[in-house]
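One structure is given here, and the rest of the page talks about it.
The values are calculated or read from the model by the stated rules, or taken from the named source; none is laboratory data. Just so you know, these numbers come straight off a predicted model, no measurement behind them. Because the Cβ atoms are built from the backbone with ideal geometry, glycine has one as well, and the counts that use them run over all protein chains shown. Surface areas here come from the heavy atoms of the whole protein model, side chains and all, with no ligands, DNA or RNA. Shrake-Rupley method; radii C 1.70, N 1.55, O 1.52, S 1.80 Å.
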Amino acid sequence: MKKVGLFFGSFNPIHIGHLILANYIIENTDMDELWFVVSPQNPFKDKKSLLKDHNRLDMVQLAVKNYPKLRASNVEFSLPIPSYTIDTLAYLHEKHPEYSFSLIMGEDNLKGLKKWKNAETLIKNYQIIVYPRIATEGEKPAENVEHENISIVKAPIIELSATEIRKMIKEGKNVRPMLPPEVFEYLDGSNFYQ
């Protein structure tokens, strides 16, 4: 059975931090593939700064093209909005019964996992791989870490955010070192994030 890790996000834009993390996880777990699941428009996010779904998917495809174990996925584009992780997993399981899916999330998301739709079902039925995030002062550690389906990997902590990259682009600053070269070329000369 092929083991596939699912890394959900808006990837607006995908940056080298995402790739470093994904590559670390694929090389240090028993996963066969890792899919970047590009999430559609979140009604609570600023629509002005979010590129269209297909632009973000294009960037992820460009970013992963030289990584044989990494893939771009548009699975949520055809699912009802808002997209709930449990529904996406049910759809993927039905479409690919021969695959075993696991979730990849930051420690910050693990802290709020109990608020997710059908969180108990997620934790009970899926392996959850958690990468570390820098905790702010006074922040409580993540809950649920003792569950047998939750593994914390000692991945590098990447302090790079798509929000900051978009801000720098808007200010005309150089973001080349923060983006995969193909993604920089895709954005360079466009008016995206201006």
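How high is the FRET efficiency between Ser49 and Asn23 when r is their beta carbon distance and R₀ equals 22 Å, given to the nearest 0.05? Provide the component values of the computation, followed by the final result.
Values: r = 27 Å, r/R0 = 1.21.
About 0.25, to the nearest 0.05.
Counting only Cβ charges, +1 for Lys and Arg and -1 for Asp and Glu, the dipole size of the chain around its Cα centre is about 480 debye.
Looking at the chain, the accessible area is 56 square angstrom per residue; that uses a 1.4 Å probe and ignores ligands, DNA and RNA.
So for the chain, averaging the separation of alpha carbon pairs under 8 Å that are six or more residues apart and normalising by length, what relative contact order in percent results? Could you put the intermediate results ahead of the total?
Working: 284 pairs, mean separation 49.6, N = 194.
The value is 26 percent.
Annotation for Glu33 and Met1: the two label points, set 7 Å from Cα along the Cα-Cβ direction, are 1.7 nm apart.
Close amide H partners of Ser102, meaning residues 5 or more places away or on another chain with modelled amide H under 5 Å apart, are Val4, Gly5, Leu6.
Determine the distance separating the Cα centre of segment 61-116 from the Cα centre of segment 145-175; give it in Å without decimals. A separation of 17 Å, based on Cα centres.
The calculated FRET efficiency for His147 paired with Ile16, based on their beta-carbon distance and R0 = 25 Å, is about 0.20. Taking θ as phi - 60° and the Karplus parameters 6.51, -1.76 and 1.60, the scalar couplings of segment 3-11 work out to 9, 10, x, 10, 10, 7, x, 7, 6 Hz in sequence order, x denoting glycine and proline. Determine which residues of segment 112-132 fall in the zone a paramagnetic label at Ala90 would reach in this model, i.e. backbone nitrogen under 11 Å from the point 7 Å along Cα→Cβ. So the set is 118. Near the amide H of Ser10, within less than 5 Å, lie the amide hydrogens of Ser39, all on another chain or at least 5 residues away, with H placed in the peptide plane.
Element breakdown for the chain at a 1.4 angstrom probe: carbon and sulfur atoms account for 50% of the accessible area.
Taking a threshold of 28 Å on the Cα-Cα distance, which of the pairs Lys3/Lys65; Lys65/Lys114; Lys111/Lys154; Lys65/Lys167; Lys3/Lys167 fall above it? All intermediate terms of the calculation are to be shown ahead of the outcome.
Details: Lys3/Lys65 20 Å; Lys65/Lys114 35 Å; Lys111/Lys154 17 Å; Lys65/Lys167 26 Å; Lys3/Lys167 36 Å.
Among Lys3/Lys65; Lys65/Lys114; Lys111/Lys154; Lys65/Lys167; Lys3/Lys167, the Cα-Cα distance tops 28 Å for Lys65/Lys114; Lys3/Lys167.
Say R0 is 22 Å: what FRET efficiency, to the nearest 0.05, do Asn118 and Glu98 get from their beta-carbon distance?
Working: r = 23 Å, r/R0 = 1.06.
The computed FRET efficiency comes out at 0.40.
Note on Asp108 and Lys69: their simple-model spin labels are 2.6 nm apart, each label 7 Å out from Cα toward Cβ.
With a cut-off of 13 Å between beta carbons, the residues surrounding Val75 carry a summed charge of -2, where Lys and Arg count +1 and Asp and Glu -1.
Mean shadow of the chain, computed from the convex hull of its alpha carbons, in nm²? Don't skip to the end; give the middle numbers.
On the way: hull surface 45.5 nm².
For the Cα atoms of the chain, the hull's average projected area reads 11.4 nm².
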